[in-house]
Amino acid sequence: MKTQIIPQVKRIQVYETPIRLKDYYLSKEVTEVFPRAAEIFQENGGMDSSAKDAEPCAAKDASQGGTKGVSQDGTEKGVSQGGTGRFSPVRYVYSSMEDFSMPKEAYRISARKEAVTICASAPRGLMYALFTLSELDLVNDGELCEFDVWDEPALSYRALSDDISRGQVPRTEQFFTIIRRLARYKYNTYMPYIEDIFRFSSVPAWGRYSDSISPQEWRMIVGYAEEWNLSVRPIVNLLGHFDKLVRIRELQSLALRRKDGSLIDCMDPANPKVREVISDMLAELVNCFGKGIIHCGGDEPVGLTEVYGAQEGGRLFIEHYTFIHDVLKELGCSMMMYGDFFAPPWGDYSVPVERARELPEDTDFVFWDYAARDAYPFVDALHRQGIRLYISPGSWTWACFACDIRQCYDNTRGLLKADGGRSRGMIMSSWADHGDTLLELAPPGVLTGANYSWAPESDYSFETLYLLIHKSFYGFDREQAMRLDPIYHYDAYIDHEKKGEFKQEMWRNPLKMAKFEGCHDLEGFIGSMKEAEKAVEELEPARNRTAYHAMLLAVKRTRFTAEKLLLLPGRCPETIEEGIPYGEAALKLAGELIPIRDLHRRLWFETNRYADWEICAARYDDLYDQLRIFARNVRLRRFWEIRRSE
């Protein structure tokens, strides 16, 4: 029996006696404590929540034994007594929280033929146990053995930060899917990044052009999450990343301006009107999401130090967020914020790390760093300040055509190793890029975050985790999973540090000729993508088909970009004979682009609202026009038009 699942369990003991999950039913005490229990097993073929058709079985205590067992390393262990195993119960045994050996998220499972007994001190622990039971069944294709599990998380705060402000905005049903997915992989917090996706009555212009979501719908999402033992805590940026909102006339008075009067995508903390607006906004947020942590952004306020300088900018930043902290405290909430103004992974906009101590001592700081590094010195620097810290790696679904699982693995594992269990929790960051990479491509990164937020010291190799992701999420075996690997990883053809630049090559105007230097063997790369595309079309996932279909878009766009680099010139043609094939290639590429755009549109609207689709579609339309203009100029031998645009 395979014992590795996502997230990795703390301790599991396997015995020899075979069992099958379909021979069990959910007892009344399970469904009363967790009413959605039966939904967990839909991917397993279902599990009855009633024993009305059950055949009687031996009612022996699950701790009794008689059959020799083996541990993961093959050594003989305890014994268990066999029962009929036909319609046996999954039982729940309540363990008082006064029993310090059973925290509220911990659980025990004792799986025997006569019964599966779950011990937990709270509904969340019971739910996690049921998900473990489901996942073990999925990775073993329904063929289990008797086993014992003891499990609990290493980190108490395990969240997904989900950027729904710059690209797709899920429909309500898709939010529900996200919540169920997070619960399955044992996250306990969903943090939607709602830069402008909350409909504020106090600031009607906020999110006017962004398909914003009403408080009533957010409350529905919050209520659904509570049924799955998740909390929903919003991230609303109340300083920087004001780029979409700064173009709305009514909101421009809140923005910073340079000396020449030009706008900066950052709110002006020296403007008294900003505080009035923020106070009203926070009251609405708390009324909607309830008391608890409110994440108020604060990342990358580049314009602040540009306008005011580091010293004055630092003072204004600290005063601004101290004010926000105090407003939230009066509303019964605590403030969380990004910590890069004191510990920046990039750029030159920060102040010394010691100044983080000038903020209220109960401020929760989030340190994000999405690079795979040998060391993360800012982790130690921040901990030396004695502040409340959370760690945030990245899912790596941006600047890529699909999730870069290897980069995500190295970043997540490395950052948590550097932290060494000192932080209060982990927040997996998943960023969007105006829908250029679909949100549906994020699950490999989400599952990677799930594994290491629950078990930061997990000993899974990259290959083990990669295969588990594909087995758990899609039902694919090793051979099938490896056929998809070229979609995520193509370092043999594209320099890893150039992957983001390679993605941008898709949209480069062919009239703006520049040779991309980061590729090797484009023809071999295209052949690899053709094989990967064939694999996507041939394989049929057992579950999560919507997310899987997004893989087809990823591989088609990757191949298109490689073909564009191969077929179009890096310099202006010098002769008619040289130019004609380039014109034909440009027309061919334009023809291939339209079906890709249509596929992107179809996948977008399967689960999402309109939101930023117009921005995404404009990229396709612009490139289509540019390819045809290029072809026309080449065919008409107007080489000077091309030279003039270089």
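The values are calculated or read from the model by the stated rules, or taken from the named source; none is laboratory data. Keep in mind it's a predicted model, so treat the numbers as computed, not measured. Reconstructed Cβ throughout: ideal geometry from the backbone, glycine too, with neighbour counts over all protein chains shown. Accessible surface areas use protein heavy atoms only, side chains included; no ligands, DNA or RNA. Shrake-Rupley method; radii C 1.70, N 1.55, O 1.52, S 1.80 Å.
Taken together, the criteria place R483 among residues that are within 30 Å of Y185 (Cα to Cα), open to solvent by 20 Å² or more (accessible area, probe 1.4 Å), in contact (Cβ under 8 Å) with a residue 40 or more places away in the chain and out of contact with any Gly (no Cβ under 7 Å at 6 or more places or on another chain). Of the residues screened, R637 is not one that is more than 28 Å from G518 (Cβ to Cβ), open to solvent by 40 Å² or more (accessible area, probe 1.4 Å) and touching a Lys or Arg at 6+ places or on another chain (Cβ under 9 Å). Considering only residues in segment 313-350 that are modelled with pLDDT under 95 and buried (at least 18 other Cβ atoms within 10 Å of the Cβ), the one that is nearest to G425 (Cα to Cα) turns out to be S350. Can you confirm whether segment 276-288 contains a residue that is open to solvent by 10 Å² or more (accessible area, probe 1.4 Å) and free of Cβ contacts under 8 Å to residues at least 12 places away in the same chain? Looking through segment 276-288, at least one residue is open to solvent by 10 Å² or more (accessible area, probe 1.4 Å) and free of Cβ contacts under 8 Å to residues at least 12 places away in the same chain.
Does A418 satisfy being of a type in the set (A, V, I, L, M) and within 15 Å of the chain's Cα centre (by Cα)?
Values: of a type in the set (A, V, I, L, M): yes; within 15 Å of the chain's Cα centre (by Cα): no.
No: the conditions fail for A418.
Residues are listed down the side, and each one gets a yes or a no for (1) under 23 Å from L316 (Cβ atoms); (2) in contact with a Cys (Cβ under 8 Å, 6 or more places away or on another chain):
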| site | (1), (2) |
| --- | --- |
| F200 | no, no |
| G207 | no, no |
| I213 | no, no |
| R247 | no, no |
| L251 | yes, no |
| A255 | yes, yes |
| S262 | yes, no |
| V277 | yes, no |
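Looking across segment 555-600, the residues that are within 15 Å of R632 (Cα to Cα), hydrophobic (A, V, I, L, M, F, W, C) and open to solvent by 50 Å² or more (accessible area, probe 1.4 Å) come down to I576, I580, L587. Quick check: is even one residue across segment 152-161 in a helix (DSSP H, G or I), touching a residue at least 24 places away in the same chain (Cβ under 8 Å), farther than 30 Å from G240 by Cβ and open to solvent by 20 Å² or more (accessible area, probe 1.4 Å)? No, segment 152-161 has no match at all. So which residues in segment 180-233 are among the aliphatic types (A, V, I, L, M) and crowded, with 19+ Cβ neighbours inside 10 Å, if there are any at all? Answer for segment 180-233, where residues must be among the aliphatic types (A, V, I, L, M) and crowded, with 19+ Cβ neighbours inside 10 Å: L182, A183, M191, I194, I197, V203, I213, I221, V222, A225, L230, V232.
Select, from G386, G435, the only residue that is among the small types (G, A, S), open to solvent by 30 Å² or more (accessible area, probe 1.4 Å) and in contact (Cβ under 8 Å) with a residue 12 or more places away in the chain.
Details: G435 fails: open to solvent by 30 Å² or more (accessible area, probe 1.4 Å).
Being among the small types (G, A, S), open to solvent by 30 Å² or more (accessible area, probe 1.4 Å) and in contact (Cβ under 8 Å) with a residue 12 or more places away in the chain holds for just one of G386, G435, which is G386.
Taking Y610 as the residue in question, decide whether it is closer than 25 Å to T177 by Cβ and open to solvent by 10 Å² or more (accessible area, probe 1.4 Å). Yes, satisfied.
Regarding L239, is this residue crowded, with 22+ Cβ neighbours inside 10 Å, modelled with pLDDT of 95 or more and more than 23 Å from Y157 (Cα to Cα)? Here the answer is yes, as L239 does meet what is asked.
R355 meets all of the listed conditions (1) assigned to a loop (DSSP other than H, G, I, E, B); (2) open to solvent by 20 Å² or more (accessible area, probe 1.4 Å); (3) farther than 22 Å from A283 by Cβ but one, namely (1).
Every condition in (1) farther than 30 Å from E540 by Cβ; (2) in contact (Cβ under 8 Å) with a residue 60 or more places away in the chain; (3) part of a loop (DSSP other than H, G, I, E, B) holds for Y490 except the one numbered (1). The residue of segment 453-480 that is farthest from R406 (Cα to Cα), among those that are buried (at least 22 other Cβ atoms within 10 Å of the Cβ) and among the aliphatic types (A, V, I, L, M), is A455.
I'd like the residue in segment 514-534 that is among the aliphatic types (A, V, I, L, M) and either under 18 Å from W398 (Cβ atoms) or open to solvent by 20 Å² or more (accessible area, probe 1.4 Å) (or both) and, out of all such residues, is modelled with the lowest pLDDT. Write out each step before concluding.
Pass one, segment 514-534, residues among the aliphatic types (A, V, I, L, M): 514, 522, 526, 529, 532.
Those still in the list that are either under 18 Å from W398 (Cβ atoms) or open to solvent by 20 Å² or more (accessible area, probe 1.4 Å) (or both) too: 514, 522.
On the way: A514: 76, L522: 94.
Filtering segment 514-534 for residues that are among the aliphatic types (A, V, I, L, M) and either under 18 Å from W398 (Cβ atoms) or open to solvent by 20 Å² or more (accessible area, probe 1.4 Å) (or both), the one modelled with the lowest pLDDT comes out as A514.
Among the residues of segment 293-331, those that are under 29 Å from the mean Cα position of the chain (by Cα) and of a type outside the set (A, V, I, L, M, F, W, C) comprise H295, G297, G298, D299, E300, P301, G303, Y321, H325.
With respect to A542, determine if the residue is at pLDDT 95 or above and of a type in the set (A, V, I, L, M).
For A542, the condition - at pLDDT 95 or above and of a type in the set (A, V, I, L, M) - is met.
Yes or no: L603 crowded, with 18+ Cβ neighbours inside 10 Å, modelled with pLDDT of 95 or more, within 24 Å of the chain's Cα centre (by Cα) and aliphatic (A, V, I, L, M)? Considered against the rule, which asks whether it is crowded, with 18+ Cβ neighbours inside 10 Å, modelled with pLDDT of 95 or more, within 24 Å of the chain's Cα centre (by Cα) and aliphatic (A, V, I, L, M), L603 comes out as yes. Just one of the listed residues (S134, S212, S161) is over 28 Å from L603 (Cα atoms) and either of a type outside the set (K, R) or within 21 Å of the chain's Cα centre (by Cα) (or both), and it is S134. Cβ-Cβ contacts under 7 Å between residues 6 or more apart (or on different chains), taken from a first residue in segment 506-519 that is more than 20 Å from F401 (Cβ to Cβ) to a second residue that is small (G, A, S) and at pLDDT 90 or above, are absent.
Filtering segment 371-383 to residues that are within 23 Å of G445 (Cα to Cα) and buried (at least 21 other Cβ atoms within 10 Å of the Cβ) leaves Y376, V379. Is there a residue being buried (at least 23 other Cβ atoms within 10 Å of the Cβ) and part of a helix (DSSP H, G or I) anywhere in segment 414-427? Yes, that holds for at least one residue.
The set of residues from segment 250-269 being without any contact (Cβ under 8 Å) to a residue 24 or more places away in the chain, open to solvent by 40 Å² or more (accessible area, probe 1.4 Å) and either closer than 24 Å to S201 by Cβ or under 20 Å from the mean Cα position of the chain (by Cα) (or both) comprises Q252, S253. Is it the case that P344 is part of a loop (DSSP other than H, G, I, E, B) and touching a helix residue (DSSP H, G or I) at 6+ places or on another chain (Cβ under 7 Å)? Against the criterion (part of a loop (DSSP other than H, G, I, E, B) and touching a helix residue (DSSP H, G or I) at 6+ places or on another chain (Cβ under 7 Å)), P344 does not qualify.
Applying the set (1) more than 24 Å from the chain's Cα centre (by Cα); (2) modelled with pLDDT under 95; (3) under 28 Å from Y610 (Cβ atoms) to S201 leaves exactly one unmet item: (2). Tallying residues that are of a type in the set (S, T, N, Q) and more than 17 Å from the chain's Cα centre (by Cα) within segment 444-503 yields 4.
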